[in-house]
Every structure is written in structure tokens, then in C-alpha cells.
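Everything below concerns the one structure shown next.
Read the figures in this text as sums done on the coordinates, not as results from a lab. Please read all numbers here as calculations on a predicted model, not as lab measurements. Positions of Cβ are generated from backbone atoms using ideal geometry, with glycine treated the same way; all protein chains shown enter the neighbour counts.
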Amino acid sequence: MKKFLVDAQLPYGLAQKLNNLSYDTLHTKDIPDTQNHTSDDTLISIATKQDRIIISKDADFVDTVRISKVLKQLVYVTTGNIKNKELITIFENNIAYIAQLLENHRIIEVSREGVKLYLE
């Protein structure tokens, strides 16, 4: 089962929903002593050490996966401004497909239109 790490700019409720769906998921709020202000390097370190896949809106992580190969996989959220409930519903409806795509691909894009491979 895939494990995830949800970045600060995404709602805590997303991590809660994924946990409720039996996906081991942390949010940056769960990381001690960070006050939800976790650097990209810290997130990458945690993801690497704990074998987690970062879920983020931050395009910098796309470059990290593509160029440095330090971060193995990413769920890249490109929904723009969206209500938290809508975002959580998109993940709830697509998490099994996301996990399936992550079996063979490194970057998955989640948009308002749905889920697709991110063209590297």
C-alpha cells in the first residue's frame, strides 16, 4: 500500500481522508517542531526515509523528481484554487487509480478534470 506525505498548502482533511481510506498518510502539520512550515528539503528527507510519496501543488517537486532523482515519485496537484471539499472528493474518487498509476510511473497529475500521467 502506498504511503503519502501531504504538503502544507493542501488541507489537513486530505491526509485524514486518505488515512480513512487505509493509505498511511502524514500532513506537514503532523511533523513535530515545524508549525506546518516545512522546507522542501525536509519533506524530501522524510519522504525518502519513510518511503512516502509527496502530494503537493509545488512545481519545484516536479523538477526534483525529473532532474535530481532524489525524490522518486510525486502526486502533483494542479487544481488551482478549489474548495477543500472538492479537492478531497477528487482524491477520494481517484485514489485507487492514483495508486495504480504510481506502480509504474513517477509523476501523477491531479487536476479538476481528473488524474493523468504528468508528461515528463
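Of note:
- Subtracting the Cα-Cα distance of ASP33 and ASN20 from 0.36 nm times their residue separation leaves 2.2 nm of extension gain.
- Set of lysines with alpha-carbon distance to LYS3 below 20 Å, sequence-local pairs under 8 removed: LYS17, LYS29, LYS49, LYS57, LYS69, LYS72, LYS116
- Of all DSSP beta bridges confined to the chain, the antiparallel ones make up roughly 20%.
- Förster radius 30 Å - calculated FRET efficiency between GLU113 and LYS49, Cβ distance, rounded to 0.05: 0.35
- Among 58-66, 3-11, the peptide with the highest mean count of other Cβ atoms within 10 Å heads the list, and the full ranking is 3-11, 58-66.
- From least to most packed, judged by other beta carbons within 10 angstrom and beginning with the fewest, LEU101, LEU21 follow the order LEU21, LEU101.
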